[in-house]
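Chemist: Quick one: the structure is below, and I'll ask about it shortly.
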Amino acid sequence: MIIYQGPSALDGQPIIAIATLNSSNIKTGAMVQTWIMRSDIEPHLAVKTGADASVCGDCQHKPSNDGSCYVLTFQAPLAVYRAYRRGSYDGRTIDQFEGLPLRLGSYGDPLAVPLEAWQPLLNATRGRTGYTHQWRTNTGSDWQGLVMASVDTAEQAEQATAQGWRYFRVTNAQQPKIKGETVCPASAEAGKKLTCIDCLACSGNAGRKSKGIVIQAHGSRKANYKLITAIAA
């Protein structure tokens with residue numbers, strides 16, 4: 001289903017947000033997946049020109065930064081985009097997602113899409129996960145009850161917490177766990193005890209106790225992960 005089609009909340013360029021079913025993602029489980037992409041450029045080409053800023057903002061991990069993002073845009077995002085261009089999602093209704101858990105931003109930052117556009121899907125689904133790199137500029141926003149602040153250092157974790165966010169921290173094996181953090185139970189280092197669909201702890205600060213969740217860089221581009229030693233301006 002097409003959730004949104006209009007200007008990006010990040011840079012005003014044309015984007016789409018599409019929700020799909022039947023995910024084979026082993027880590028997340030069969031959640032409703034959502035794909036946020038430029039509507040005028042195939043995603044694997046957008047990353048080559050920097051046009052992915054419309055859906056990823058200034059995220060250091062995005063492919064156009066030669067980052068460690070595990071999403072391979074020429075695979076699932078491209079398939080979804082081409083299905084959209086063929087009209088495959090025209091006329092689809094939201095009832096197919098009723099009661100299912102939701103992944104906000106399988107590709108793309110959920111804050112690229114206006115919150116009101118997400119609301120019907122949030123109302124229909126049960127439980128969610130989501131992450132944003134736009135937390136510095138959304139202090140005190142309604143998003144804090146819905147998604148996690150994506151951080152890469154202890155300093156960023158402290159800043160996000162001070163601004164009212166729970167956070168999700170990507171790290172490497174050399175960095176110590178911060179007091180109060182929980183190791184992601186779907187991670188290899190935690191023994192893959194749960195999938196995201198069973199956990200759903202990455203759902204913002206509404207009703208949650210642990211301040212943050214930590215995971216080691218993973219995916220096919222994990223070698224590109226670079227430890228950030230200072231908070232970005």
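The values are calculated or read from the model by the stated rules, or taken from the named source; none is laboratory data. Keep in mind the model is a prediction, meaning the values are calculated, not measured. Cβ coordinates were reconstructed from backbone atoms using ideal geometry, including for glycine residues, and neighbour counts include every protein chain displayed. Note: accessible area is taken over every heavy atom of the protein model, side chains too, but ligands, DNA and RNA are not part of it. Shrake-Rupley method; radii C 1.70, N 1.55, O 1.52, S 1.80 Å.
Chemist: Could you work out how far the C-alpha centroid of region 57-124 sits from that of region 187-204, in angstrom?
Modeler: Computed from Cα coordinates, the inter-centre distance equals 20 Å.
Chemist: Taking H placed 1.01 Å from N in the peptide plane, check which residues at least 5 places from residue 100 or on another chain put their amide H under 5 Å from its amide H.
Modeler: The list, which skips near neighbours in sequence, is 126.
Chemist: Provide, for the chain, the number of lysine pairs with alpha carbons under 14 Å apart, each pair being eight or more places apart or on different chains.
Modeler: 8
Chemist: Please list, short to long, the whole-number percent of alpha-carbon pairs of region 83-168 in consecutive 5 angstrom bins beginning at zero.
Modeler: Calculated P(r), rounded to whole percents: 3, 13, 21, 20, 18, 10, 7, 4, 2, 0.
Chemist: On to the next question. Please check: in the Gaussian network model of the chain (C-alpha springs, under 10 Å), which one of 176, 14, 43 has the largest mean-square fluctuation.
Modeler: 176
Chemist: Now for a different question. Lys/Arg Cβ at +1, Asp/Glu Cβ at -1, dipole of region 20-87 taken about the Cα centre: which of 59, 24, 36 is farthest positive-ward?
Modeler: Farthest towards the positive pole: 24.
Chemist: Compute, for the chain, the length of the dipole vector about the Cα centre, with Cβ point charges of +1 (Lys, Arg) and -1 (Asp, Glu) only. Units Debye, rounded to 20.
Modeler: For this selection, approximately 640 debye.
Chemist: How much accessible area per residue does region 49-132 have, in Å², with a 1.4 Å probe?
Modeler: 42
Chemist: What order, most packed first, do the peptides 53-60, 15-22, 85-92, 154-161 have when packing is the mean number of other Cβ atoms within 10 Å of each residue?
Modeler: Answer by packing, highest mean first, reads 53-60, 15-22, 154-161, 85-92.
Chemist: Working only with C-alpha atoms, what are the Rg and Dmax values of the chain, expressed in angstrom?
Modeler: Considering the chain through its Cα atoms, Rg and Dmax are 16.6, 50 Å.
Chemist: Restricted to Cα positions, what overall size does region 159-213 have along the principal axes? Three whole-Å values, descending.
Modeler: 31, 28, 14
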